[in-house]
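K.L.:
Right, I'll just put the structure down here and ask away after.
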Amino acid sequence: MQVTTKAIIFSAIKYGDTSLIVKAFTASDGIKSYLLRGVLSSKKGKLKTAYFQPLTQLEIVANHKNKGSLETLKEAKVFYHYQ
């Protein structure tokens, strides 16, 4: 099921050479974990590594399977810019 929601990033852990596991609090489903494959090696993509720093507020489009496993992100954009 594809979901568009706001999220606050809690942590990002490097997984392998090119991937991240991100824990975020989402407005629709609470705390969720996402696997971002290839985000560390991608120079041209919708997902930037800098988006996944702790306490960043994002608007995300994700695929939720609701099986208790890692979910996947389709796209993310910064919702609130800190100054």
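K.L.:
Report, ordered by the first and then the second residue, all pairs with beta carbons closer than 8 Å, sequence separation of six or more or different chains, a first member in segment 44-64 that is under 15 Å from T26 (Cα atoms) and part of a loop (DSSP other than H, G, I, E, B), and a second member that is modelled with pLDDT under 90 and of a type in the set (A, V, I, L, M, F, W, C).
P.N.:
H64/M1
K.L.:
Could you please find all residues in segment 37-56 being surrounded by 14 or more Cβ atoms within 10 Å (Cβ to Cβ) and either touching a strand residue (DSSP E or B) at 6+ places or on another chain (Cβ under 8 Å) or within 16 Å of I13 (Cβ to Cβ) (or both)?
P.N.:
Result: R37, V39, L40, L47, T49, Y51, F52, T56.
K.L.:
Within segment 21-36, track down each residue that is touching a Leu at 6+ places or on another chain (Cβ under 8 Å) and either over 16 Å from T4 (Cβ atoms) or exposed (fewer than 14 other Cβ atoms within 10 Å of the Cβ) (or both).
P.N.:
Quick first cut of segment 21-36, residues touching a Leu at 6+ places or on another chain (Cβ under 8 Å) only: 21-22, 24, 33-36.
Residues satisfying the conditions are I21, V22, S33, L35, L36.
K.L.:
Let me ask something additional. Quick check: is even one residue across segment 12-26 touching a Pro at 6+ places or on another chain (Cβ under 8 Å) and of a type outside the set (F, W, Y)?
P.N.:
For segment 12-26, residues touching a Pro at 6+ places or on another chain (Cβ under 8 Å) and of a type outside the set (F, W, Y): present.
K.L.:
Next question, about the same structure. Run E75 past the list (1) surrounded by 15 or more Cβ atoms within 10 Å (Cβ to Cβ); (2) assigned to a strand (DSSP E or B); (3) under 9 Å from the mean Cα position of the chain (by Cα) and report the number of the one that doesn't hold.
P.N.:
Against the list (1) surrounded by 15 or more Cβ atoms within 10 Å (Cβ to Cβ); (2) assigned to a strand (DSSP E or B); (3) under 9 Å from the mean Cα position of the chain (by Cα), E75 comes up short only on (1).
K.L.:
I'm trying to understand the selection: among the residues of segment 26-43, which are assigned to a strand (DSSP E or B) and not basic (K, R)?
P.N.:
Scanning segment 26-43 gives T26, G30, I31, S33, Y34, L35, L36.
K.L.:
Count, please, the residues in segment 1-19 that happen to be closer than 21 Å to H81 by Cβ and hydrophobic (A, V, I, L, M, F, W, C).
P.N.:
5
K.L.:
Pick out the one residue from S19, S42 that is at negative phi and either over 13 Å from the mean Cα position of the chain (by Cα) or of a type in the set (V, I, T) (or both).
P.N.:
Just one listed residue meets the conditions, S42.
The values are calculated or read from the model by the stated rules, or taken from the named source; none is laboratory data. Note that the structure is predicted; figures quoted are calculated from it, not measured. All Cβ positions, glycine included, derive from the backbone under ideal geometry; neighbour counts span all protein chains shown.
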